[in-house]
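For reference, the structure is listed below as structure tokens.
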Amino acid sequence: MIYTCTLNPAIDLYVGLDEMKANQVNRTYEEDYQPNGKGINVSIMLKRLGLHSTALGFLGGFTGRFIEEELQKMNISTDFIKVDGITRVNVFANAKEEYKIVNSGPDIPSKQVSEILEKIKIMPEGSMLFVSGSLPRNVDNSIFEEIANLCKTCGVNLVLDTSSTKVMETLKHEPYLLKPNEEELASFFQVLTEEVNQEKIIELSHELLDRGAQQVLVSRGEKGAMFVSKNQIVLADAPKGEVVNTACSGDALLSMFIGKQINGYSIQDSLRFASAAGAATAFSKGLGEMTFVEKLVPHINITHYKEGGQINV
């Protein structure tokens, strides 16, 4: 079984404007509301691949109801914990440049934090759990290690995508896959982002593997993506296009990479589709549609990295 856990869901409000000016009314020419949160995005993309998942997390208020109703319309199973307060609304404005306004989320009581951990405890052995995104108020980032420990104990494959440096504490529990972007990878090791070139990504990814991670998938924005395991290093570039909204690109990339493997694709082909999904999403208001992803796939180049040279596939 596949589960996604979004501890801090959101409605993403995308707005398009000709320009953004201070101290005056800025009128939009388009807007779009979508259920969001990194794990929720994973559930949506997996559904588009024909894979069923159950979405977990915390939801509150009328915004929370909107998210759950939208997922149910997509035939995605939900098992959210209801909380007081309002699930956040994030705003992404495209006005010549991209503006991102991201809110903090509701205050979650410790009792309900315990409830989410209890749900993980009873997941069947061999299940896969995606834990993605930021934390709402009153949820300490130590929860990532608690979840990793539970997954190791219960035989659940943990896929972890978060910017929290607590990722380093999860490594002793051998998470199935980590999905940082370049900036997050730099922060894990307290190095400057500008130092994180291709060689540095490989070096730091191998350090994550040496400390316990089973696989590492690094999203690189317009540069594509890189997969690193103890046996291989595979790189994918990214197609060119007009960027509309980059907010969900990493989620699309991650879910496509794992989903394609579940459906029997090779690492190389899964990474090719993953890079196309990330790009299609960046070129769209929300998650990229599969028809768009498939159009971009032929434009993705795959390279096997070997010390001393690279081999195109």
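In table form, for the structure just shown:
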| quantity | calculated |
| --- | --- |
| Criterion: over 21 Å from ILE81 (Cα atoms) and without any contact (Cβ under 8 Å) to a residue 60 or more places away in the chain - qualifying residue of LEU192, LEU117 | LEU192 |
| Unmet criterion (only one of (1) assigned to a helix (DSSP H, G or I); (2) within 30 Å of ILE122 (Cα to Cα); (3) of a type in the set (A, V, I, L, M, F, W, C)) for ILE201 | (2) |
| Filter result (β-branched (Val, Ile, Thr), touching a helix residue (DSSP H, G or I) at 6+ places or on another chain (Cβ under 9 Å) and crowded, with 17+ Cβ neighbours inside 10 Å) within region 189-229 | VAL196, ILE201, VAL216, VAL218, VAL228 |
| Tally of residues being touching a Ser or Thr at 6+ places or on another chain (Cβ under 9 Å) and at pLDDT 95 or above across region 153-176 | 10 |
| Subset of region 281-301 that is within 15 Å of the chain's Cα centre (by Cα) and part of a helix (DSSP H, G or I) - its residue that is surrounded by the fewest Cβ atoms within 10 Å (Cβ to Cβ) | ALA282 |
| Checking PRO35 against (1) modelled with pLDDT under 95; (2) in contact with a Gly (Cβ under 6 Å, 6 or more places away or on another chain), the condition it does not meet | (2) |
| Residue within region 268-278 that is farther than 16 Å from LYS179 by Cβ, modelled with pLDDT of 95 or more and surrounded by fewer than 18 Cβ atoms within 10 Å (Cβ to Cβ) present | yes |
| Residue, surrounded by the fewest Cβ atoms within 10 Å (Cβ to Cβ), within region 147-188, restricted to residues that are of a type outside the set (Ser, Thr, Tyr), in contact with an Asp or Glu (Cβ under 9 Å, 6 or more places away or on another chain) and assigned to a loop (DSSP other than H, G, I, E, B) | GLY155 |
| Flag for ILE44 being without any contact (Cβ under 8 Å) to a residue 40 or more places away in the chain, within 21 Å of the chain's Cα centre (by Cα) and under 24 Å from VAL159 (Cα atoms) | no |
| Members of region 14-27 found to be touching a residue at least 24 places away in the same chain (Cβ under 8 Å) and either closer than 23 Å to LEU254 by Cβ or assigned to a loop (DSSP other than H, G, I, E, B) (or both), listed by number | TYR14, LEU17, ASP18, GLU19, MET20, ASN26 |
| Candidate set from region 39-72 (those that are in a loop (DSSP other than H, G, I, E, B) and of a type in the set (A, V, I, L, M)); member that is nearest to LEU287 (Cα to Cα) | LEU49 |
| Scan of region 213-253 for residues that are closer than 15 Å to PRO180 by Cβ and part of a helix (DSSP H, G or I), ordered by number | GLY221, LYS223, SER249, GLY250, ASP251, LEU253 |
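The values are calculated or read from the model by the stated rules, or taken from the named source; none is laboratory data. It should be emphasised that the depicted structure is a prediction, and the values quoted were computed from it without experimental measurement. As a convention, Cβ positions derive from the backbone with ideal geometry for all residues, glycine included, and neighbour counts pool all protein chains shown.
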